[in-house]
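The values are calculated or read from the model by the stated rules, or taken from the named source; none is laboratory data. What you see is a predicted model, and the numbers here were worked out from it, not measured in a lab. All Cβ positions, glycine included, derive from the backbone under ideal geometry; neighbour counts span all protein chains shown. Please note that ligands, DNA and RNA were not included when accessible areas were found on the heavy atoms of the full protein model with its side chains. Shrake-Rupley method; radii C 1.70, N 1.55, O 1.52, S 1.80 Å.
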Amino acid sequence: MTPVILLAAEKESAEVTDWAARIGWVVGLALFVALVYWLMREGWKWRGTLQSDLPDLPTAPEDPGPAKLTLSGRYHGSTTAGQWLDRIVAHGLGTRSRVELTLTDAGLDVVRPGAADFFVPRAALREARLDKGIAGKVLTEGGLLVVTWAHGGRLLDSGFRSDRAAEHGAWVDAINSMIETNSTEGAER
């Protein structure tokens, strides 16, 4: 019986956690995350610098006329037309936000609480369509209202999602009929 007691007495207790190493790893990981966040922020600012040739956004006229359609929902961003991953960040166009859209005879008024509002004049409207995605946001087919418009010599796509997605079809029809009316009036002159 003596050998068994000796073997039990020779066992060592479990190692205590090395707190210095653990704290070092946590601090290292926190610094790495902060570095990645800083690099992403610098990339966003650099993209804005590259797009600085984009002129200031137009503002709504004092009397745009009666509203044809209104929409409440989300603004998901703007991209270079036809390139759904090339986000435009200049002048706050890359900032997602709530949105109140109003379509009038003068154009499209985009009111964004907490972000820069802008106005798309009727003459700048090029197309409206239903799509499934825009930079950073992918939805089901036809879940996004995308309005193509001209600004500063560029064509831009802006993505909107209504709180009631069933409204999107009426918006596409109304904007495209406004564009057809513009092109018909321009051809007659």
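Where nothing but the Cβ of Lys and Arg (+1) and of Asp and Glu (-1) is charged, how large is the charge dipole of the chain around its Cα centre, in debye to the nearest 20?
240
Size of the dipole of segment 38-106 about the Cα centre, Lys and Arg at +1 and Asp and Glu at -1 on the beta carbon, nothing else charged, in debye to 20?
480
Quick check: net charge around Asp131, other residues with Cβ under 14 Å of its Cβ, Lys/Arg +1 and Asp/Glu -1?
+1
Of Val33, Val89, Val147, which is the most mobile in a GNM of the chain whose springs link Cα atoms less than 10 angstrom apart?
Of Val33, Val89, Val147, the Gaussian network model singles out Val33 as fluctuating most.
What angle do you read, to the nearest 10 degrees and between 0 and 90, between the alpha-carbon axis of helix 19-50 and the longest principal axis of the chain?
For helix 19-50, the angle is close to 20 degrees.
From the convex hull of the Cα coordinates of segment 81-189, what is the mean projected area in square nanometres?
Values: hull surface 28.0 nm².
That works out to 7.0 nm², a quarter of the Cα hull's surface.
In deg cm²/dmol and to the nearest 500, what is the mean residue ellipticity at 222 nm of the chain if only DSSP H runs of at least 4 residues count, each as -39500 (n - 2.57), divided by the residue total?
Working: 3 runs with 62 residues, N = 189.
Mean residue ellipticity at 222 nm (helix-derived): -11500 deg cm²/dmol.
State, as an integer percentage, the relative contact order of the chain based on alpha-carbon contacts under 8 Å between residues 6 or more apart.
Relative contact order of the chain: 19 percent.
Give me the dipole magnitude in Debye, nearest 20, for segment 89-143 about the Cα centre, with unit charges on the beta carbon: positive for Lys and Arg, negative for Asp and Glu.
200
Hey, any idea what % of the chain's accessible area is carbon plus sulfur with a 1.4 Å probe?
On the way: 6990 of 11680 Å².
Summing carbon and sulfur atoms, their accessible area is 60 percent of the total for the chain.
Got a sec to turn the phi values of segment 65-70 into Karplus ³J(HN,Hα) couplings, 6.51 cos²θ - 1.76 cosθ + 1.60 with θ = phi - 60°, whole Hz, x for Gly and Pro?
For segment 65-70, the Karplus curve yields x, x, 6, 7, 9, 10 Hz.
Most fluctuating residue of Leu85, Leu29, Leu101 in a GNM of the chain with Cα springs under 10 Å: which is it?
Leu29
Calculate, for the chain, the solvent-accessible area per residue in square angstrom, rolling a 1.4 angstrom probe over the heavy atoms of the protein chains.
62
Any idea what Rg and Dmax come out to for the chain if you just take the C-alpha atoms, in Å?
27.6, 114
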